[in-house]
Amino acid sequence: MSVTVELPDGCSRDYPDGASPLTVAEDIASGLARACVAAMVDDRLVDLQRPLAAGTHELRLLTDRDEESLEVLRHTAAHVMAQAVRRLYGDDVQYTIGPALTDDFQYGFYYDFDLPDGIHISQDDLEKIEAEMKAIVRDKQPIQRTEMSVEEAKAAMKDRGQCYKLEMIDDMLAAEPATGLSFYGQDDFLDMCRGPHLPDTGKLGKAFKLLNVAGAYWRGDETKPMLTRIYGTAFFDKKDLAAHLERVEEARKRDHRVLGKQLELFLLDETVGPGMPLWLPKGATVRRELQDWLQGHLIGQGYQMVVTPHIGKLDLWRTSGHYPYYKESQFPPIRFDDDAAGEPEADEHGFLLKPMNCPFHLEIYKSKQRSYRDLPLRLAEFGQVYRWEQSGELSGLTRVRAFTQDDAHIFCTPEQLESEIESCVGLAELVLRTLDLDDYRVRVSLRDPDRDKYVGDEEHWTLAEDKLRQVVRKLAMNYSEEKGEAAFYGPKIDFIVKDCIGREWQLGTIQVDYNLPVRFGLEYVGADNQTHQPVMVHRAPFGSFERFIGILIEHYGGAFPLWLSPVQVAVLPVSDKFNAYGKSVVAALAARGIRVELDDSSDKVGAKIRRATLQKVPYMAIVGQREAEGETVSIRHRTDGDLGATGIEDVAGKLAVERDSRGATPLTV
RNA sequence: GCUGCUGUAGCUCAGUGGUAGAGCGCGUCCUUGGUAAGGACGAGGUCAUGGGUUCGACCCCCAUCAGCAGCUCCA
């Protein structure tokens, strides 16, 4: 008896040498053994058939009910897919990496292939690959784990023509010397892999689906070859798969590009230019409400609004460092000399569409001598900026080439920095809270010491990074630090949210910058009558209106709270005999600052209700004989239905209360 | 930028090597109605753009542009 296992229920069992979790499962009940897919041994996920080392172990047997099992299932699905692709497209197919994804909204696994010349896999081929996978599942091929020495491993992979695997072996050994490597295989398929996997391909079952095919660079490096990535997902139960597909389908209906069209919020038109949204009246209303609301807060907090042009002299951007370092992501400079060609010389004048607002705000700071008594100076602007985003990056409102930042730059003394950052965090949180965006994460974005894209000296970077850390800790925020995510002039705190299909987007940002004040030569006179360099905070609680509203549309599924709704009330006369009364209702509500529209079409009231509901208008005011006689309206909510009748003044007052509470006080009749 | 896919009416989409169709929307008329679709008639398309193959191209081929998914990038 040399293996002892302790089970979650507290009891322990002894087994002879060579016992595996499967041995234990079989010992407990044969049904359990059949249901098991893997095991947790001392908090490590392992194969069912992996012999337990001598000694005492905590053992948890995992069945399809356990969360961890899904990862094993999906990992095996990836292998089976690779096996199927090889069967269909030949032994020259190279397979590289194929992980399980458990935190991805859409996909459950993928595998990256390097296909032989002339072979392409398209969406239409996925069915064929799935069919091959199903055949492999029917075969119930045992999945075997083997360990090989480094030499054997290399020989095995070389034998199969798997150069990527050979590269991986070398890299793994360079990172961490090892004597043996584990492999998993079924039938003639063999893959270097840590595992664990299901005991046989039959256990994969039928609840899997291949979803998408796309390109992906080897090692995520754009200088390396582009591989073919196939995405899929897998579940233990067909019902779970169906539910998942349904969920994704539903989520796609919330897509802001779809809703933007349906609700007439904005327009992205080829004739205007890629990534250049036109805000339609309804979308512009949402934007204006958000802007007015935020501006009220800013002024209350001592910000001063400024306005600056959309273009400025090239030298400004040379000073800031944007040009030429970020030349690739800017619109090309505007120049007037007819024979100008190629790069502008260093002394040449020209103008640049602004990729950021900061240089203008720095110049405003410099426009007069500043004393410590003037600080902090908070300059805010809803400034439209222009960036040449790569064509493949453009996406609805979330990644555009012309967008408006709710930008501000705070110039302060080093002593004031901490409290300024804190109040910026407060503002960003206020924005997210007010708009119900509670599912976000906070990233402290630091520089990557191995890269040289940053300006300024080490000392200032360290100061800035430490200060940000200090604030997020003091405020007890949940955050993660990520190297390499900093701006070129300073580190930042970023607020990141997900869109309807789980893609992450940075919204609000707070950036500490010691460098631009140096580059622009900012000064203030201190209490000591000496000149000092101010510190600068760049911050944007929304980030950009375009991206923020894109996310907001998806968050609300187009059904904005009353204060943001482009049309707050639709007045629906039951027949055109009551259009005149409807008009008077419209006038009364509009006079109280309510955005209201009359539907005087010749449709029946049911059709009018349907139309207003689909347009996500929060309230409908239905008027007919009864209402006209009593000077009332019948109120219907877009989701709650008929709320009953009440007087016009009463409704106007209650709507105003709900609007001004920003959704906190729903109307009741 | 890279890989793959897509581009037909305002929108969503069918369709064929012999110059086009549906539903919704839009317009006019009829209907005058009570809480998610009343009816009739009508207008509307250089089938993304430019080349090529063909007697003939919306359809096949090439290029360009744009969109979508993913990768990379993102001050």
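The condition of being outside the structural domain of A:Thr509 (by TED's automatic domain parsing) and either under 20 Å from A:Arg287 (Cβ atoms) or of a type in the set (Val, Ile, Thr) (or both) holds for only one of A:Val596, A:Val525, A:Val537, that being A:Val596. Note on region A:214-241: residues that are more than 22 Å from A:Val137 (Cα to Cα), among the hydrophobic types (A, V, I, L, M, F, W, C) and touching a Ser or Thr at 6+ places or on another chain (Cβ under 9 Å) total 4. Note on region A:617-647: among residues that are of a type in the set (Val, Ile, Thr) and over 17 Å from A:Leu562 (Cβ atoms), the one that is nearest to the chain's Cα centre (by Cα) is A:Ile622. A:Ser419 falls short of the stated requirement of being over 19 Å from A:Leu507 (Cβ atoms) and modelled with pLDDT under 95. Taking region A:371-396 as the range and being of a type in the set (Gly, Ala, Ser) and either in a helix (DSSP H, G or I) or within 27 Å of A:Gly526 (Cα to Cα) (or both) as the test, the residues that pass are A:Ser371, A:Ala380, A:Ser391, A:Gly392. Identification of helices (runs of 4 or more DSSP H) wholly contained in region A:458-557 with 3 or more residues that are within 12 Å of RNA strand B (Cβ to nearest atom) and open to solvent by 10 Å² or more (accessible area, probe 1.4 Å) yields no element.
Conditions (1) open to solvent by less than 40 Å² (accessible area, probe 1.4 Å); (2) hydroxyl-bearing (Ser, Thr, Tyr), marked per residue:
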{"site": "A:Pro16", "(1), (2)": "no, no"}
{"site": "A:Ser20", "(1), (2)": "yes, yes"}
{"site": "A:Asp27", "(1), (2)": "no, no"}
{"site": "A:Asp47", "(1), (2)": "yes, no"}
{"site": "A:Gly55", "(1), (2)": "yes, no"}
{"site": "A:Tyr95", "(1), (2)": "yes, yes"}
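Pick from region A:580-613 the residues that are small (Gly, Ala, Ser) and away from RNA strand B (no atom under 16 Å from the Cβ): which of them is least open to solvent (accessible area, probe 1.4 Å)?
A:Ala588
Could you tell me how many of the residues in region A:84-123 are assigned to a strand (DSSP E or B) and touching a residue at least 60 places away in the same chain (Cβ under 8 Å)? So the answer is 8.
Looking only at residues in region A:79-136 that are touching an Asp or Glu at 6+ places or on another chain (Cβ under 6 Å) and among the hydrophobic types (A, V, I, L, M, F, W, C), which one is farthest from RNA strand B (Cβ to nearest atom)? Among residues in region A:79-136 that are touching an Asp or Glu at 6+ places or on another chain (Cβ under 6 Å) and among the hydrophobic types (A, V, I, L, M, F, W, C), the one farthest from RNA strand B (Cβ to nearest atom) is A:Ala84.
Candidates A:Phe411, A:Phe331, A:Phe403: the one that is in the same structural domain as A:Asp528 (by TED's automatic domain parsing), within 30 Å of A:Leu267 (Cβ to Cβ) and either more than 13 Å from RNA strand B (Cβ to nearest atom) or open to solvent by 10 Å² or more (accessible area, probe 1.4 Å) (or both) is A:Phe403. Out of everything in region A:617-636 that is of a type outside the set (Val, Ile, Thr) and without any contact (Cβ under 8 Å) to a residue 24 or more places away in the chain, what residue ends up being surrounded by the fewest Cβ atoms within 10 Å (Cβ to Cβ)? So, considering only residues that are of a type outside the set (Val, Ile, Thr) and without any contact (Cβ under 8 Å) to a residue 24 or more places away in the chain, the one surrounded by the fewest Cβ atoms within 10 Å (Cβ to Cβ) is A:Glu629. Filtering A:Val286, A:Val307 for residues that are among the β-branched types (Val, Ile, Thr) and in a helix (DSSP H, G or I) leaves a single hit, A:Val286.
For region A:374-387, the count of residues that are assigned by TED's automatic domain parsing to the domain that holds A:Asp452, away from RNA strand B (no atom under 16 Å from the Cβ), closer than 25 Å to A:Leu278 by Cα and within 27 Å of the chain's Cα centre (by Cα) is nonzero.
The values are calculated or read from the model by the stated rules, or taken from the named source; none is laboratory data. These numbers were taken from a predicted model, which means no experiment stands behind them. For neighbour counting, all protein chains shown are included, and Cβ atoms are generated from backbone atoms with ideal geometry for every residue, glycine included. Accessible surface areas use protein heavy atoms only, side chains included; no ligands, DNA or RNA. Shrake-Rupley method; radii C 1.70, N 1.55, O 1.52, S 1.80 Å.
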